[in-house]
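Undergrad: Supplied in structure tokens, the structure appears directly below.
The values are calculated or read from the model by the stated rules, or taken from the named source; none is laboratory data. A quick note: this is a predicted structure, and the numbers were derived from the prediction, not measured. Ideal geometry is used to build each Cβ from the backbone, glycine not excepted, and the neighbour counts take in all protein chains shown. For accessibility, only protein heavy atoms count, side chains too; no ligands or nucleic acids. Shrake-Rupley method; radii C 1.70, N 1.55, O 1.52, S 1.80 Å.
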Amino acid sequence: DAELCGKMLHHPHVRERVSESSYRLGTTKLFMQADVLYTLQSIKNRIIYPFVRRLQIWWVKLQGDIMNRKLTRGFNLMTKLSNDAEVGGVQHVGFIVKAIADMREKHATASANLNAETIAALMKSCDSAEQYVAKGIAQKEEAYRIRAEILGVLDGYTSRLNAVKDTAATLYDERAKELLKGECEKAEIALNESRQEQMTAANSWDQAILSTASGGPGGLRRAATRANLNASASRANIAADPEEEKRAREERMEDAKAMVPALEELAARFLAEKAKMDAARAEYAEAMEQAADRLDTIPVEQFIIAGIKTVSDAVADSREAIYNAQKMLQSMDAEAFKASVKAATQSVEKAMQVAAHESARVQAIEQLDEAEKVLKDIQFKAQEDGLLETAGFDASITSAELAIQTGRDQCMIPDVAVLQAKTQDALSAVEATNDLYERAVEAKKRESKARFANRFAMFEGGGKAAPPPVTRRGGSGKGSGLGAKPLFKVRAPPAQEETAPAEKGP
């Protein structure tokens with residue numbers, strides 16, 4: 001750091017001995033003369049040495065308390081090791097008892113004669129006792145670990161066996177369920193017996209560690225072996241040879257363990273059969289749900305209000321078929337519930353067809369009624385407007401009436417497509433009649449406008465010769481009483497009053 005280096009060189013202690021001409025401070029480096037570095041080192045030593053001397057004086061004064069502190073540390077370590085041995089459960093092991101007793105003796109000697117030799121002996125005894133306690137705890141944990149491994153394996157097989165038992169409880173076939181449960185009980189008895197044997201052996205080893213071990217860490221397993229041999233020899237059904245007894249125990253445990261995979265294989269086969277059944281049930285259950293959803297789309301209440309009972313009866317039969325199919329899905333007879341599902345599906349399809357036909361029939365009747373009403377309105381308006389004599393109008397009305405009657409005749413035919421086609425034909429015929437009427441009305445309006453325009457032109461040419469008399473022919477009959485009378489008089493005021501009804505006539 002260039003800034004920090006510059007501050008150091010400008011410090012009063014440095015400036016009085018190092019001149020600025022003896023060094024140059026660059027961007028990244030410091031350039032000095034040959035004696036400048038030695039001068040800087042001398043300045044540093046002159047600052048540090050007083051503190052070093054003070055520390056040395058303090059350490060010399062403290063030497064008298066070092067022995068006492070080591071003695072205290074030895075006492076604390078002795079107390080800690082005793083507590084660790086009790087917590088670890090190895091305080092009664094012979095070599096640990098001896099190590100702790102030797103450590104207490106060395107502490108008493110050092111307390112009576114405090115010097116470097118007694119303190120060194122105390123610290124050596126503490127280190128040795130610490131190693132013995134650690135080894136004893138490790139050996140005991142190893143014994144427990146061995147027991148836990150064997151029992152852990154058996155517990156694992158027991159858990160697998162419980163899983164097989166849970167699987168047996170979910171099976172549908174009662175015979176398969178009873179078979180699997182019976183085999184599981186046999187395997188469970190064998191595993192429990194093997195676990196009891198292993199527990200006996202592990203407890204014997206543990207007792208040997210806690211009560212009879214002596215002579216150092218190497219005596220732990222020898223004492224455990226002796227205890228295991230004694231425990232084995234005390235049983236009448238176990239061979240006197242510990243290796244033979246261990247081998248027999250291991251064989252019984254392996255036989256018990258071998259029963260579990262066979263049961264798992266059997267349970268897997270039963271589960272595969274159950275899965276096939278579940279898949280079939282799920283498939284057909286989904287089909288039943290879809291059928292029920294389709295059935296719910298039928299507005300039964302509307303048909304009942306309309307007085308149509310065939311739809312409600314068909315829906316009731318379909319719901320009964322769906323209920324029976326759902327009950328059959330819980331049985332073990334696959335063919336039976338397949339047949340019931342098929343029957344329910346066909347019943348729903350029939351109900352949908354009935355509802356579609358009745359809905360189309362009701363809609364067709366409503367449309368035909370509306371078409372008939374519209375046709376009558378067209379006839380009334382045509383008669384009022386004097387358009388019944390229009391070319392093709394009478395034939396169009398007759399054709400529309402015939403199409404409406406044909407549509408009504410088709411309402412009792414089951415074929416919905418034919419009914420809808422005939423209904424559409426009737427509506428088209430009525431629409432054609434209405435178009436013919438509207439064209440006739442438009443033609444009449446055009447004729448009236450042309451007549452009015454002619455009269456208005458005659459009125460505008462009033463200063464000229466009087467127009468020829470105008471006679472009204474055809475039309476709707478309104479204002480036909482005017483006949484051959486002139487439309488107005490040129491000079492007489494009353495003639496203007498006569499133009500008003502003539503203009504209103506068209």
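Undergrad: Kindly evaluate residue 389 against the criterion of being charged (D, E, K, R), free of Cβ contacts under 8 Å to residues at least 24 places away in the same chain and not in a helix (DSSP H, G or I).
TA: The answer is yes for residue 389.
Undergrad: Residue by residue through segment 306-357, note down the ones that are in a loop (DSSP other than H, G, I, E, B) and under 22 Å from residue 413 (Cβ atoms).
TA: Selection gives 306, 307, 308, 309.
Undergrad: If you go through segment 3-17 one residue at a time, do you hit one that is in contact (Cβ under 8 Å) with a residue 12 or more places away in the chain and exposed (fewer than 10 other Cβ atoms within 10 Å of the Cβ)?
TA: No, every residue in segment 3-17 fails to be in contact (Cβ under 8 Å) with a residue 12 or more places away in the chain and exposed (fewer than 10 other Cβ atoms within 10 Å of the Cβ).
Undergrad: Please go through segment 402-433 and pick out each residue that is of a type outside the set (A, V, I, L, M, F, W, C), in contact (Cβ under 8 Å) with a residue 40 or more places away in the chain and over 11 Å from residue 364 (Cβ atoms).
TA: Across segment 402-433, the qualifying residues are 414, 433.
Undergrad: Could you check, for segment 53-69, whether at least one of its residues is over 30 Å from residue 8 (Cβ atoms), touching a residue at least 12 places away in the same chain (Cβ under 8 Å) and either outside any helix (DSSP H, G or I) or not acidic (Asp, Glu) (or both)?
TA: yes
Undergrad: Could you check, for segment 115-136, whether at least one of its residues is in a loop (DSSP other than H, G, I, E, B), exposed (fewer than 13 other Cβ atoms within 10 Å of the Cβ) and not acidic (Asp, Glu)?
TA: yes
Undergrad: Here's a follow-up. Kindly indicate whether residue 422 is open to solvent by 50 Å² or more (accessible area, probe 1.4 Å), among the charged types (D, E, K, R) and modelled with pLDDT under 80.
TA: In short, no.
Undergrad: Output the qualifying pairs, or none if there are none: Cβ atoms under 9 angstrom, residues six or more apart or on different chains, first residue in segment 448-460 and under 22 Å from residue 385 (Cβ atoms) and modelled with pLDDT of 80 or more, second residue open to solvent by less than 40 Å² (accessible area, probe 1.4 Å) and part of a helix (DSSP H, G or I).
TA: 452/502; 455/499; 455/502
Undergrad: On the basis of being over 59 Å from the mean Cα position of the chain (by Cα) and at pLDDT 85 or above, does residue 385 make the cut?
TA: no
Undergrad: Could you list, in sequence order, all residues of segment 142-158 that are open to solvent by 40 Å² or more (accessible area, probe 1.4 Å) and at pLDDT 75 or above?
TA: The answer is 149, 150, 153, 155, 157.
Undergrad: Inside segment 404-419, can you point out the residues that are open to solvent by less than 70 Å² (accessible area, probe 1.4 Å) and either outside any helix (DSSP H, G or I) or modelled with pLDDT of 85 or more (or both)?
TA: Across segment 404-419, the qualifying residue is only 413.
Undergrad: Looking at segment 64-80, which of its residues are modelled with pLDDT of 80 or more and surrounded by 13 or more Cβ atoms within 10 Å (Cβ to Cβ)?
TA: 70, 71, 73, 74, 75, 77, 78, 80
Undergrad: Still on this structure, please answer the following. Among all residue pairs at least 6 apart or on different chains, which show Cβ distances below 9 Å where the first residue, located in segment 170-182, is small (Gly, Ala, Ser) and the second is surrounded by 15 or more Cβ atoms within 10 Å (Cβ to Cβ)?
TA: From segment 170-182, the pairs are 176/168; 176/266; 176/270; 176/274.
Undergrad: Consider residue 86 against the criteria (1) within 60 Å of the chain's Cα centre (by Cα); (2) open to solvent by less than 50 Å² (accessible area, probe 1.4 Å): it satisfies all of them except one. Which criterion is unmet?
TA: If we test residue 86 against (1) within 60 Å of the chain's Cα centre (by Cα); (2) open to solvent by less than 50 Å² (accessible area, probe 1.4 Å), just (2) comes out false.
Undergrad: Here are some residues: 356, 440. Which one is open to solvent by less than 80 Å² (accessible area, probe 1.4 Å) and within 29 Å of residue 303 (Cβ to Cβ)?
TA: Only one candidate passes the filter, namely 356.
Undergrad: Can residue 313 be described as open to solvent by 50 Å² or more (accessible area, probe 1.4 Å), over 41 Å from the mean Cα position of the chain (by Cα) and under 30 Å from residue 282 (Cα atoms)?
TA: Here the answer is yes, as residue 313 does meet what is asked.
Undergrad: Evaluate segment 216-230: report whether one residue or more is of a type in the set (A, V, I, L, M), open to solvent by 30 Å² or more (accessible area, probe 1.4 Å) and at pLDDT 75 or above.
TA: Scanning segment 216-230, I find no residue that is of a type in the set (A, V, I, L, M), open to solvent by 30 Å² or more (accessible area, probe 1.4 Å) and at pLDDT 75 or above, so the answer is no.
Undergrad: Oh, and also: Out of curiosity, is residue 161 crowded, with 17+ Cβ neighbours inside 10 Å, in contact with a Ser or Thr (Cβ under 9 Å, 6 or more places away or on another chain) and assigned to a helix (DSSP H, G or I)?
TA: Taking the combined requirement at face value, the residue does not satisfy it.
Undergrad: Taking segment 92-114, which residues are small (Gly, Ala, Ser) and open to solvent by less than 50 Å² (accessible area, probe 1.4 Å)?
TA: 94, 99, 110 - these are the residues of segment 92-114 that are small (Gly, Ala, Ser) and open to solvent by less than 50 Å² (accessible area, probe 1.4 Å).
Undergrad: Can you tell me which condition residue 350 does not meet? The list is (1) over 19 Å from residue 310 (Cα atoms); (2) of a type outside the set (A, V, I, L, M); (3) surrounded by fewer than 20 Cβ atoms within 10 Å (Cβ to Cβ), and all the others hold.
TA: Going through (1) over 19 Å from residue 310 (Cα atoms); (2) of a type outside the set (A, V, I, L, M); (3) surrounded by fewer than 20 Cβ atoms within 10 Å (Cβ to Cβ) one by one, residue 350 breaks only (1).
Undergrad: Right, something else. List, please: which pairs have Cβ atoms under 6 Å, are six or more places apart or on different chains, and start with a residue in segment 370-385 that is open to solvent by 100 Å² or more (accessible area, probe 1.4 Å) and end with one that is of a type in the set (Asp, Glu)?
TA: none
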